[in-house]
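All remarks here apply to the structure that follows.
The values are calculated or read from the model by the stated rules, or taken from the named source; none is laboratory data. What you see is a predicted model, and the numbers here were worked out from it, not measured in a lab. Here Cβ is always computed from backbone atoms with ideal geometry, including for glycine, and neighbour counts include all displayed protein chains. Only protein heavy atoms, including side chains, enter the accessible area calculation; ligands, DNA and RNA are left aside. Shrake-Rupley method; radii C 1.70, N 1.55, O 1.52, S 1.80 Å.
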Amino acid sequence: MDCIFCKIAAGEIPSTCVYQDESIFAFRDINPQAPVHVLIIPRTHICCADAITDENSDVVAKIFAAIPKIAKAEGLTNGYRVLTNCGEDACQTVKHLHFHLLGGRKLTEQMA
Ligand code: AMP
Ligand code: ZN
């Protein structure tokens, strides 16, 4: 499958990794929208939040268990935002589930 984030998780495309384990991979966004902008992905290919099921959701729990560790390592002591874009209306550009971890400054109140 020609998926850029599968290739990043496999180390076939370079990235700046900030955390990894057997299930998940986290790396810096190439076009950061905040001082800290990390993408956290499952190593397995799930296309988007809409494809999360009872069968594959364990990795999502692992991602959310890793987020506080990554946030701490990134120095996000004053809060942060986690978001995922799903599908056309949310302007998802990479069709491999990813959670944006944003912080390092006061973020806008605007969500959409
Ligand atoms: P989304 O619009 O939610 O699908 O977000 C995709 C994100 O992936 C964007 O913030 C891009 O800047 C980021 N991105 C795309 N290609 C790369 C890459 N090779 N390395 C790091 N981040 C990337
Ligand atoms: Zn993929």
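Working note: 222 nm ellipticity from helices only, DSSP H runs with n ≥ 4, each -39,500 (n - 2.57), summed and divided by the residues of the chain, gives -6000 deg cm²/dmol to the nearest 500. Scattering from the range 49-112 was approximated by placing one identical point on each alpha carbon and applying the Debye formula without solvent; log10 I(q)/I(0) at 0.13, 0.17, 0.21, 0.24 1/Å stands at -0.43, -0.72, -1.00, -1.13. Here the 3J(HN,Hα) profile of the range 13-27, calculated from phi with Karplus coefficients 6.51, -1.76 and 1.60 at θ = phi - 60°, is 10, x, 8, 9, 6, 10, 6, 7, 8, 5, 10, 9, 9, 10, 8 Hz, Gly and Pro shown as x.
Computed from backbone phi with θ = phi - 60° and the Karplus coefficients 6.51, -1.76 and 1.60, the 3J(HN,Hα) list for the range 44-50 is 7, 7, 10, 6, 5, 4, 5 Hz; x is used for glycine and proline.
Can you tell which of Cys48, Cys91, Cys17 shows the greatest fluctuation in a Gaussian network model of the chain with Cα springs below 10 Å? With Cα springs under 10 Å in the chain, the top fluctuation among Cys48, Cys91, Cys17 is at Cys91. Remark: the range 87-103, residue by residue, has Karplus-estimated 3J(HN,Hα) of x, 4, 5, 8, 6, 5, 9, 10, 8, 9, 3, 8, 10, 7, 10, 10, x Hz, where x stands for each Gly or Pro and the curve is 6.51 cos²θ - 1.76 cosθ + 1.60 at θ = phi - 60°. Leaving out ligands and nucleic acids, note down the accessible area per residue over the chain with a 1.4 angstrom probe, in whole Å². Here the per-residue accessible area is 62 Å².
Once you divide the Cα radius of gyration of the chain by 2.2 N^0.38 Å, the number left is 1.02.
Percent relative contact order of the range 4-103, based on C-alpha pairs within less than 8 angstrom and at least six residues apart? Here the relative contact order equals 32 percent.
Qualifying trypsin sites (Lys or Arg not before Pro) in the range 80-112, where qualification requires a DSSP coil assignment and no more than 10 other C-beta atoms within 10 Å, comprise Arg105, Lys106.
To put it simply, the accessible area of the chain at a 1.4 Å probe is 52 percent carbon and sulfur. Multiplying the residue separation of Lys106 and Thr77 by 0.36 nm and subtracting their alpha-carbon distance yields 9.2 nm. A crude spin-label estimate for the pair Glu12 and Thr93, with each label 7 Å from Cα along the Cβ direction, gives 2.2 nm.
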